[in-house]
1. Which residues, taken from the range 86-122, are within 16 Å of V56 (Cα to Cα) and loosely packed, with under 14 Cβ neighbours inside 10 Å?
2. So is V74 in contact with a Gly (Cβ under 6 Å, 6 or more places away or on another chain), closer than 23 Å to E2 by Cβ and modelled with pLDDT of 95 or more or not?
3. Could you list, in sequence order, the residues of the range 28-53 that are free of Cβ contacts under 8 Å to residues at least 60 places away in the same chain and surrounded by 13 or more Cβ atoms within 10 Å (Cβ to Cβ)?
4. Scan the range 126-151 residue by residue and report those that are under 20 Å from A50 (Cβ atoms) and out of contact with any strand residue (DSSP E or B) (no Cβ under 7 Å at 6 or more places or on another chain).
5. Mind checking which residues of the range 91-145 are touching a helix residue (DSSP H, G or I) at 6+ places or on another chain (Cβ under 7 Å) and either of a type in the set (D, E, K, R) or over 19 Å from A9 (Cβ atoms) (or both)?
6. For the range 54-76, how many residues meet the condition of being in a strand (DSSP E or B) and free of Cβ contacts under 8 Å to residues at least 60 places away in the same chain?
7. Give G22, G66 a once-over and let me know the one that is at pLDDT 95 or above, exposed (fewer than 15 other Cβ atoms within 10 Å of the Cβ) and in contact with a helix residue (DSSP H, G or I) (Cβ under 6 Å, 6 or more places away or on another chain).
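The values are calculated or read from the model by the stated rules, or taken from the named source; none is laboratory data. A quick note: this is a predicted structure, and the numbers were derived from the prediction, not measured. Don't worry about glycine lacking a Cβ; one is built from the backbone with ideal geometry, like all the others, and counts go over all protein chains shown.
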Amino acid sequence: MELKSRAFAQGAAIPARHTCDGPDLSPPIEWSDPPASAKSFALISDDPDAPGGTWVHWVVWNIPSGARALPEGVPQKASLPDGTTQGTNDFDRVGYGGPCPPSGTHRYFFRLYALDAALSLPPSAGKDDLEKAMKGHIIARAELMGKYARR
């Protein structure tokens, strides 16, 4: 699988519109060439450079198997009309919370997982819950990394 965004290239700066310095919209994310056996997708976005340890920005699962993108500005709702579910990030909010590093340039990883099943998790679930539920179900993965420093 390949994961990319129209908003930023691999290793490039994430535009302010997708951060706390802008409207904090989730970036558009696209993927290609998933395994034919994928039953759903999950996405985790986090910052391993946060001072207190990895900071989770976005947790999404049960993205339909036919999907090939998440649009810019996914609504911050636990359940979306297509069955996609968003969990709780480390800002203690459901949905996307963009980069907002306290200092320096941080790296933000977006990891997409193709799964051989849909997952049964409550909308309040976080990254740890999702990773446990995905165990043994990951059939492919892809990664995109962007960087951001506060203005």
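1. Result: D92, R93, P102.
2. Working: in contact with a Gly (Cβ under 6 Å, 6 or more places away or on another chain): no; closer than 23 Å to E2 by Cβ: yes; modelled with pLDDT of 95 or more: yes.
Considered against the rule, which asks whether it is in contact with a Gly (Cβ under 6 Å, 6 or more places away or on another chain), closer than 23 Å to E2 by Cβ and modelled with pLDDT of 95 or more, V74 comes out as no.
3. Restricting attention to the range 28-53, the residues satisfying the condition of being free of Cβ contacts under 8 Å to residues at least 60 places away in the same chain are 28, 30, 32-33, 36, 49-53.
P28, E30, D49, A50, listed by residue number.
4. Across the range 126-151, the qualifying residues are D128, D129, E131, R150, R151.
5. If the condition is that a residue be touching a helix residue (DSSP H, G or I) at 6+ places or on another chain (Cβ under 7 Å) and either of a type in the set (D, E, K, R) or over 19 Å from A9 (Cβ atoms) (or both), then Y113, L115, L119, L121 are the ones that fit.
6. Of all residues in the range 54-76, those in a strand (DSSP E or B) come to 55-64, 69-70.
Right, trim to free of Cβ contacts under 8 Å to residues at least 60 places away in the same chain and you get 55, 57-58, 60, 62-64, 69-70.
Within the range 54-76, residues that are in a strand (DSSP E or B) and free of Cβ contacts under 8 Å to residues at least 60 places away in the same chain number 9.
7. Details: G66 fails: in contact with a helix residue (DSSP H, G or I) (Cβ under 6 Å, 6 or more places away or on another chain).
After ruling out the rest, the residue left standing is G22.
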